[in-house]
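First comes the structure, then the notes that go with it.
The values are calculated or read from the model by the stated rules, or taken from the named source; none is laboratory data. Because the structure is a prediction, the values reported are computed rather than measured. Counting neighbours? That spans all protein chains shown, and the Cβs are built from the backbone with ideal geometry, glycine included. Heavy atoms of the whole protein, side chains included, go into the accessibility calculation; ligands, DNA and RNA do not. Shrake-Rupley method; radii C 1.70, N 1.55, O 1.52, S 1.80 Å.
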Amino acid sequence: MTTTSQPDVRTVAGNLCLGSAPDSWGVWFPEDEHQVPYTRFLDELVEAGYRWLELGPPGYLPLDPQRLADEVGSRGLQVSGGTTFGALHRPHEWEQMLAAVRNVAALTAAVGAHHLVFIPSMYRDEKTGTFTENPELSAEQWDALGKAADELGKILLEEHGVRLCVHPHADSHIQTQAEIERFLNSTDSRYANLCLDTGHVAYGGGDNIDLIRRYAERIGYVHIKQMDPDVLAQVAAEGLSFGEAVKRGVCVEPPAGVPNPAEVVHALSELDAELFVIVEQDLYPCAPEVPLPIAIRTREYLNGCGLTGSERPRIR
C-alpha cells in the first residue's frame, strides 16, 4: 500500500512573516509596575531573533512617530501593526472611540505598518475579574457592532491606508466560534476582517483549522498562541476570568497546549495570502527574567515548523 506524505511545511510557509509583541513580555497596559520598560522589551526582542513587532497597548511604546521610528529602526526592527481597544456595540461611545483609534492608526501608518489589531472591550475587569457588562449581546447590539466595524474599517483604510483586523478575545463578546462567525457574516470583507488569535479561539472552544479553511479570505493577520487544556477545564468548572486563567498559566509556549501550532502553520501556509504571524504568550504579570528564554525557544520551535519568513507580506 502506498501512502501520501504531508508536504514539508518548511517548503510552503513562505507566505508567512514571523514577529512578536509586548504581550509575550508580560505587557498588558500602557504603564504598570509589573511590566518591563519598553527599551528592555525592544532590546530583548532583537536578542531573541525577531525582526518584526506589533506595537501593543497604546502608550507602552512611544507615541511620538519620530521617536518610535528611531527606537525601532536603530535596532533593525520593523512594525507589523498597531494595537487598539474599544466597544463596537456601544453607539454612544463611538466618537470617543473613533478619536482614540484614529490616533493609533496614524501612528501605525507613520512607522510604515498597514494593519490595526482591534481588541473588543471585555465584559470582565482584567485585574479583578468583576463582571462589568452582560456577556451576551442583544440582536440590536450585534447590529450596531457590525455596522460600526464596517464604518471604522472604511475610515481607517481611506484616511490612513490601514486595515482593520478584529481580534477575538476571552471575556469579550467575540469569543466563541459562533460569535466569530456572526461577526464575519455581519461585516464587509472590504473593511473589517479577522485577526485570528489561535489561543483565544481555543479558549472560546473554537476550531482554528476550520476557521482558516472556511474563512480564508477573511483572515488578515494572525496571533499564534497556545492554551493549556487543564487550565481551560478549570475555567469552565470554576467560571474563572481570563486574568485569573493567565495567572494559573493558561497560555503556554509551543509545542504544549492547543491548538497544535505546527498544524496551524501548515494550514496557513496553504492559503493564497501573505500574512503576518505574531507570537503572543500572555504572561502578565511575570518576573522580568521570564520572557526572553521563552521567546527564544518559541522562535526556534516555530522556525522548525517552517515559520521562518521575515519579509513584509504584500497587502491584499
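Quick notes on this one:
- Contact map, region 29-44: residues that are modelled with pLDDT of 95 or more paired with residues that are of a type in the set (A, V, I, L, M) and in a helix (DSSP H, G or I), Cβ distance under 9 Å, separation 6+ or inter-chain. Pairs shown: Leu42/Val72; Glu44/Leu292; Glu44/Ala295.
- Condition check for Thr108: in a helix (DSSP H, G or I), surrounded by 16 or more Cβ atoms within 10 Å (Cβ to Cβ) and of a type in the set (S, T, N, Q): yes
- Answer from Gly76, Gly81 - the residue that is of a type outside the set (A, V, I, L, M) and touching a strand residue (DSSP E or B) at 6+ places or on another chain (Cβ under 7 Å): Gly81
- Options Glu244, Glu280, Glu270, Glu263; residue that is open to solvent by 10 Å² or more (accessible area, probe 1.4 Å), touching a residue at least 40 places away in the same chain (Cβ under 8 Å) and in contact with a Ser or Thr (Cβ under 8 Å, 6 or more places away or on another chain): Glu280
- Here Val222 fulfils each of the conditions (1) in contact (Cβ under 8 Å) with a residue 12 or more places away in the chain; (2) surrounded by fewer than 22 Cβ atoms within 10 Å (Cβ to Cβ); (3) hydrophobic (A, V, I, L, M, F, W, C) apart from (2).
- Residue in region 127-136 that is surrounded by fewer than 20 Cβ atoms within 10 Å (Cβ to Cβ), assigned to a helix (DSSP H, G or I) and without any contact (Cβ under 8 Å) to a residue 40 or more places away in the chain present: no
- Residue match in region 124-132 (condition: over 30 Å from Glu253 (Cα atoms) and modelled with pLDDT under 95): yes
- Criterion applied to Asp188, Asp210 was being in a loop (DSSP other than H, G, I, E, B), exposed (fewer than 15 other Cβ atoms within 10 Å of the Cβ) and either among the charged types (D, E, K, R) or modelled with pLDDT of 95 or more (or both), and the one residue passing it is Asp188.
- The C-beta contact set for region 85-97 (first residue within 19 Å of Gly59 (Cβ to Cβ), second residue among the basic types (Lys, Arg), distance under 9 angstrom, 6+ apart or interchain) comprises Met97/Arg90.
- Contacts under 6 angstrom Cβ, first residue in region 302-314 being open to solvent by less than 50 Å² (accessible area, probe 1.4 Å), partner charged (D, E, K, R) and assigned to a loop (DSSP other than H, G, I, E, B), 6 or more apart: Ser310/Arg51; Pro313/Glu274
- Reported count of residues in region 283-296, each being touching a residue at least 60 places away in the same chain (Cβ under 8 Å), of a type outside the set (A, V, I, L, M) and either under 19 Å from Gly306 (Cα atoms) or in a loop (DSSP other than H, G, I, E, B) (or both), is 4.
- Screening Cys251 on (1) over 16 Å from the mean Cα position of the chain (by Cα); (2) farther than 16 Å from Ile209 by Cβ; (3) at pLDDT 95 or above shows it passes everything except condition (1).
- Residue among Ala148, Ala170 that is part of a helix (DSSP H, G or I), buried (at least 17 other Cβ atoms within 10 Å of the Cβ) and at pLDDT 95 or above: Ala148
- Here Ser80 does not fit the description of being modelled with pLDDT of 95 or more and surrounded by fewer than 19 Cβ atoms within 10 Å (Cβ to Cβ).
- So Ala256, is it under 19 Å from Ala178 (Cβ atoms), of a type in the set (Gly, Ala, Ser) and in contact with a strand residue (DSSP E or B) (Cβ under 8 Å, 6 or more places away or on another chain): no
- Residue in region 56-63 that is surrounded by 14 or more Cβ atoms within 10 Å (Cβ to Cβ) and at pLDDT below 95 present: no
- Within region 12-51, tally of residues that are over 18 Å from Val104 (Cα atoms) and either among the hydroxyl-bearing types (Ser, Thr, Tyr) or in contact with a Lys or Arg (Cβ under 9 Å, 6 or more places away or on another chain) (or both): 14
- The single residue among Tyr123, Tyr60, Tyr50 that is farther than 27 Å from Glu274 by Cα, aromatic (Phe, Trp, Tyr) and within 18 Å of the chain's Cα centre (by Cα) turns out to be Tyr60.
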